[in-house]
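Enquirer: Starting off with a structure, shown below.
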Amino acid sequence: MTMRTVMVYKRFERIWHWCQMALIMTLLVSGFAVRGIHHLVDFRSAVSVHTLAALCLMVLWLFATFWLFTTGDWRHYLPKREGLLQVARYYAWGIFRGEEHPYHKLFWRKHNPLQALAYMLLKVVLFPAIWITGIPYLLYNVWREQAPGWLEPVVWIHVGAAYAILAFVIVHVYLLTTGHSFVAHVKPMVTGYDEVDLTPAEEAYLQESRIVPMK
Amino acid sequence: MLLQARRSFRSLLPLMGLLLCLAGAAGATTEVHEEAAAEDAHALPAIMPLTVVKSDSTADHSKFKELKHAFDSGPEVTKACLSCHTEAGKHVMATKHWTWEFKNPKTGQTLGKKHLVNTFCTNARGNEGMCAQCHVGYGWKDESFDFSKEENIDCLVCHDRTGTYYKTPNSAGNKACAVMFEGKKAIDWQHVAQNVGLPGRENCGACHFYGGGGDGVKHGDLDSSLRLPKKALDVHMDAEGLNFACTECHKSDKHDIAGSRYDMQAKDTAGTGKPGEQRHAASCESCHGNGPHDMDLTGLKLNDHVAKVACQTCHIPSFARGGVATKTSWDWRTAGKTKNGEGYKEHGYIQGNGEDRAVYKSIKGSFQWGENLTPHYAWFNGVMDYTTIDSKFDPAKGPVEVNRLVGEPGAADARIWPFKRMQTVQPYDKGNNTLVYMHLWGEDDNSYWGNYDFGRAIRTGMEKNNLPYSGEYGFVETYSYWPITHMVAPKHDAVRCAECHSKDGRLEGIGGVYLPGRDSGNLLDVLGISLVMLTFLGVLGHAFIRVCCNKAKRGHA
């Protein structure tokens, strides 16, 4: 096994990530303004911004979903039990004792098991909870007469999911401070390159085929 | 002559480029006239400048031979009108303007001025000698009035376009009151008859601006400031803009005018109707449709409001905005005080246009006035449940709602509407727990406006109508609700989103709807904010332990 600097986050993935980041932050700020939690933005602007950002995010997600399934990258998010406990133990204990992170990034597995599980839950639970309730919320007037009592549950799930996403963002950003440095964690999502443990076969294949840039 | 000069000047306004010198001359006469109007501000409204009414009439009434002779009275003019407009009499006689009666098909209640008790002078019934000044007839002063005689119809009060026609009470009343109407110039019947036309705002306004006993008293959204309003006061009636006559919205069919308060359309789902259709409706939707806002991101969301919020709720941010105040409360208990045996009035409220309004009158009691008032909001399906003369109520149960607004919060047939809520303390029958008819106006000893004796005025008012009266009166607090639908502001002055979508906003306490911005701070937010805080604290704790351990390790090293 050799450590090589390989392009792990392709250009689309990086654009997707940062657009998603900006849109989610916009949605959180404008959404909680609409809800009435803060008054940093006036109600009218908050509603417009929230709607517009939500539409953009849904378009982005359509592209991302298409990309994930056509490239096969969706497999990175499949949860695996192998190594999960060790990573969990590391964050709960080992990190305080100065231990090394038990996981080494592999070419076919760019997230550690806990990370993959968290991202997958985000993708199949929280994000769907947001858009499956957000679209009916936006189109409330279309179905209001058929299901008059349903607005409240829709609101509860939508707002509840928003709080959960905010909690995720806090943990997500915090974990960037673990390991070597904040910058070292953020840099791969900017440049696309990260250190990956390659088997001799993988190294030879990537070198030969040049399907993925490698330094 | 002056008036005619002014009218022709106004009709020339679009052609201002022409005849500049003439316009200058006309302008000079206008100023003189306006000064006269200002001096006469307390006189009947007809002296004020006329509004311009669009007309596509094919007839010039001044050329009709039927009108080219002298008339001695109103009924004579009416006969001349009916000789051509043969069916108009029947039409008018079928309307509320004539019958003062309305049977509400939804509640079965018999309403109309002939029957209702209100929260101002309380009852027109029995006081027709005064109140029927605003009846479209000649001479209704008591039970003897003949409702079947077509010449008793007053065509001119609505159709006079000279501004010189006026009405006075049908009976003399007590001498203390009669002085108000002295010293008027006699009506030139022929001149008025030859200058009839479609009603202008001053025609409708002669009664509807002055309901409740004075300018703006009753409605709050109808007063003399709408005679020649600026755009900021009313976009539709804007004298220099759209300049709508009342009938532009209040369409009539056989003289039956749409838009009665007795049977309101709180939610008009028919919109503009079929192409080319002129609906018999006075709703905003009948012109603006059911999706009136621009089809952009904000507009689409605003259109969603149409289902639950009346147009007026956002587009009339406040009422009594034109410099004329409206009465907000009236206390009859203090009525009847005299100075040297004479009734008197106390001034004390200077309204926006500079006029002084009385805060006390011996004949009526004490008042409070208000301007630029924020409406009272309530769910409303167009039905009002009236406390009529025969309704029993429990005075211990708080204010009696004289016209209770019907409409379940959130119901499909109701919307959130703006109202003026009038608060009054008025006499009631303490023994029977009903409202009372008072005998206010009359030449006899029993009329309150003369003897200041509630007991006799109530006894007479009730006996005249064969109604039971216990003999003991008290005072009860009442509320009445007046839908706010005029004084539509320019769109940039509409109520801002956050004025309702916020805590303690305009719609605080309005149920039946989830209002983002208002309805937060419940269990959901407590749980959500707790989750976020715990996450944050967890992360901080984790970071703290990391830092401590690192220091400890470095210390060891």
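Enquirer: Which numbered condition in (1) within 14 Å of chain A (Cβ to nearest Cβ); (2) in a helix (DSSP H, G or I) is the only one that B:G291 fails?
Expert: Exception for B:G291: condition (2).
Enquirer: Please tell me if B:R404 is within 14 Å of chain A (Cβ to nearest Cβ) and either out of contact with any Pro (no Cβ under 7 Å at 6 or more places or on another chain) or modelled with pLDDT of 95 or more (or both).
Expert: no
Enquirer: Any residue in the stretch B:281-299 that is outside the structural domain of B:R415 (by TED's automatic domain parsing), buried (at least 17 other Cβ atoms within 10 Å of the Cβ), farther than 30 Å from A:A53 by Cα and out of contact with any Asp or Glu (no Cβ under 9 Å at 6 or more places or on another chain)?
Expert: Yes: one or more hits.
Enquirer: Only one of A:A46, A:A129 is within 14 Å of chain B (Cβ to nearest Cβ), under 21 Å from the mean Cα position of the chain (by Cα) and either over 30 Å from B:R546 (Cα atoms) or at pLDDT 90 or above (or both); which?
Expert: Unique residue meeting the criteria: A:A129.
Enquirer: Quick one: is A:L62 loosely packed, with under 15 Cβ neighbours inside 10 Å, away from chain B (no Cβ under 14 Å) and hydrophobic (A, V, I, L, M, F, W, C)?
Expert: Details: loosely packed, with under 15 Cβ neighbours inside 10 Å: yes; away from chain B (no Cβ under 14 Å): yes; hydrophobic (A, V, I, L, M, F, W, C): yes.
So A:L62 fits the description; yes.
Enquirer: Going through the stretch B:425-476 one residue at a time, which ones are over 19 Å from B:G365 (Cα atoms) and of a type in the set (S, T, N, Q)?
Expert: Correct list: B:N432, B:N433, B:T434, B:T460, B:N465, B:N466, B:S470.
Enquirer: Restricting to the stretch B:80-99, name every residue that is touching a Phe, Trp or Tyr at 6+ places or on another chain (Cβ under 9 Å) and not hydroxyl-bearing (S, T, Y).
Expert: Passing the criteria: B:A80, B:C84, B:V92, B:M93, B:K96, B:W98.
Enquirer: Please work out if B:G343 is modelled with pLDDT under 95 and at positive phi.
Expert: Spelling it out, it is not the case that B:G343 is modelled with pLDDT under 95 and at positive phi.
Enquirer: All but one of (1) farther than 30 Å from B:A411 by Cβ; (2) more than 9 Å from chain B (Cβ to nearest Cβ); (3) touching a residue at least 60 places away in the same chain (Cβ under 8 Å) hold for A:V124; state the number of the condition that does not hold.
Expert: Failing condition for A:V124: (3).
Enquirer: Quick one: is A:H101 within 14 Å of chain B (Cβ to nearest Cβ) and under 30 Å from A:A201 (Cα atoms)?
Expert: For A:H101, the condition - within 14 Å of chain B (Cβ to nearest Cβ) and under 30 Å from A:A201 (Cα atoms) - is met.
Enquirer: Right, something else. Of all the residues that make up the stretch B:337-355, how many are surrounded by fewer than 11 Cβ atoms within 10 Å (Cβ to Cβ) and either in contact (Cβ under 8 Å) with a residue 40 or more places away in the chain or among the acidic types (D, E) (or both)?
Expert: Final tally of qualifying residues: 2.
Enquirer: Could you please give the count of residues in the stretch A:132-142 that are under 26 Å from A:F69 (Cα atoms) and within 12 Å of chain B (Cβ to nearest Cβ)?
Expert: Residues meeting the conditions: 0.
Enquirer: Having 2 or more residues that are of a type in the set (F, W, Y), over 18 Å from B:G517 (Cα atoms) and without any contact (Cβ under 8 Å) to a residue 12 or more places away in the chain is the bar; report the helices (runs of 4 or more DSSP H) wholly within the stretch A:1-105 that clear it.
Expert: In the stretch A:1-105, A:43-71 are the helices (runs of 4 or more DSSP H) which contain 2 or more residues that are of a type in the set (F, W, Y), over 18 Å from B:G517 (Cα atoms) and without any contact (Cβ under 8 Å) to a residue 12 or more places away in the chain.
Enquirer: Could you list, in sequence order, all residues of the stretch B:500-514 that are in contact with a His (Cβ under 9 Å, 6 or more places away or on another chain) and more than 9 Å from chain A (Cβ to nearest Cβ)?
Expert: B:L507, the sole residue that qualifies.
Enquirer: Moving on. Taking B:A498, is it within 19 Å of B:T298 (Cα to Cα) and in contact (Cβ under 8 Å) with a residue 24 or more places away in the chain? Quick ask: steps written out before the conclusion?
Expert: Numbers: within 19 Å of B:T298 (Cα to Cα): yes; in contact (Cβ under 8 Å) with a residue 24 or more places away in the chain: no.
Spelling it out, it is not the case that B:A498 is within 19 Å of B:T298 (Cα to Cα) and in contact (Cβ under 8 Å) with a residue 24 or more places away in the chain.
Enquirer: With the condition kept exactly as written, say whether any residue in the stretch B:483-501 is farther than 25 Å from B:H288 by Cβ and either in the same structural domain as B:G382 (by TED's automatic domain parsing) or modelled with pLDDT of 95 or more (or both). Don't jump to the end; show me each part of the working.
Expert: Here is the first cut: in the stretch B:483-501, the ones farther than 25 Å from B:H288 by Cβ are none.
No.
Enquirer: How many residues are closer than 30 Å to B:L226 by Cβ and either over 32 Å from the mean Cα position of the chain (by Cα) or not assigned by TED's automatic domain parsing to the domain that holds B:A186 (or both) if we restrict to the stretch B:62-100? It would help to see each step written out before you state the result.
Expert: Of all residues in the stretch B:62-100, those closer than 30 Å to B:L226 by Cβ come to B:62, B:74, B:77-78, B:81, B:85, B:88-89, B:91-100.
With the extra rule that they be either over 32 Å from the mean Cα position of the chain (by Cα) or not assigned by TED's automatic domain parsing to the domain that holds B:A186 (or both), the set shrinks to B:62.
Number satisfying all stated conditions: 1.
Enquirer: Can you work out which of the residues in the stretch B:456-492 that are farther than 30 Å from B:T434 by Cα and surrounded by 16 or more Cβ atoms within 10 Å (Cβ to Cβ) is nearest to the other protein chains (Cβ to nearest Cβ)?
Expert: Step one: filter the stretch B:456-492 for residues farther than 30 Å from B:T434 by Cα, giving B:485-492.
If we keep only those that are surrounded by 16 or more Cβ atoms within 10 Å (Cβ to Cβ) too, we end up with B:485-489.
On the way: B:T485: 24, B:H486: 26, B:M487: 23, B:V488: 20, B:A489: 17 Å.
Only one residue tops the list, namely B:A489.
Enquirer: Residues B:V324, B:V309: which one is away from chain A (no Cβ under 14 Å) and either out of contact with any Phe, Trp or Tyr (no Cβ under 6 Å at 6 or more places or on another chain) or not acidic (D, E) (or both)?
Expert: B:V324
Enquirer: Just to verify a result, which residue in the stretch A:113-156, among those that are among the charged types (D, E, K, R) and closer than 25 Å to A:G36 by Cα, is surrounded by the most Cβ atoms within 10 Å (Cβ to Cβ)? Walk me through it before giving the result.
Expert: First pass over the stretch A:113-156, keeping only residues among the charged types (D, E, K, R): A:123, A:144-145, A:152.
If we keep only those that are closer than 25 Å to A:G36 by Cα too, we end up with A:144, A:152.
Working: A:R144: 16, A:E152: 11.
Filtering the stretch A:113-156 for residues that are among the charged types (D, E, K, R) and closer than 25 Å to A:G36 by Cα, the one surrounded by the most Cβ atoms within 10 Å (Cβ to Cβ) comes out as A:R144.
Enquirer: In the stretch B:104-119, what count of residues is obtained for those that are part of a loop (DSSP other than H, G, I, E, B) and over 18 Å from the mean Cα position of the chain (by Cα)?
Expert: 8
Enquirer: Condition test on B:L507, is it in contact (Cβ under 8 Å) with a residue 24 or more places away in the chain, more than 30 Å from A:I95 (Cα to Cα) and in the same structural domain as B:I363 (by TED's automatic domain parsing)?
Expert: no
Enquirer: If I ask for residues that are within 30 Å of B:A411 (Cα to Cα), without any contact (Cβ under 8 Å) to a residue 60 or more places away in the chain and facing chain B (nearest Cβ under 9 Å), which ones from the stretch A:143-176 would you list?
Expert: A:R144, A:E145, A:P148, A:L151, A:E152, A:V155, A:W156, A:G160
Enquirer: Hey, another quick one. Going by what's in this entry, would B:I529 be described as loosely packed, with under 13 Cβ neighbours inside 10 Å and either at the interface with chain A (Cβ under 7 Å from one of its Cβ atoms) or modelled with pLDDT of 95 or more (or both)? Write out each step before concluding.
Expert: Working: loosely packed, with under 13 Cβ neighbours inside 10 Å: no; either at the interface with chain A (Cβ under 7 Å from one of its Cβ atoms) or modelled with pLDDT of 95 or more (or both): yes.
Judged against the criteria, B:I529 is not a match.
Enquirer: Pull up the stretch B:56-71, narrow it to residues that are under 20 Å from B:D154 (Cβ atoms) and aliphatic (A, V, I, L, M), then point me to the one that is surrounded by the most Cβ atoms within 10 Å (Cβ to Cβ).
Expert: B:L67
The values are calculated or read from the model by the stated rules, or taken from the named source; none is laboratory data. What you see is a predicted model; the values in this text were computed from it and never measured. Cβ: placed from backbone, ideal geometry, glycine included. Neighbour counts: every protein chain shown.
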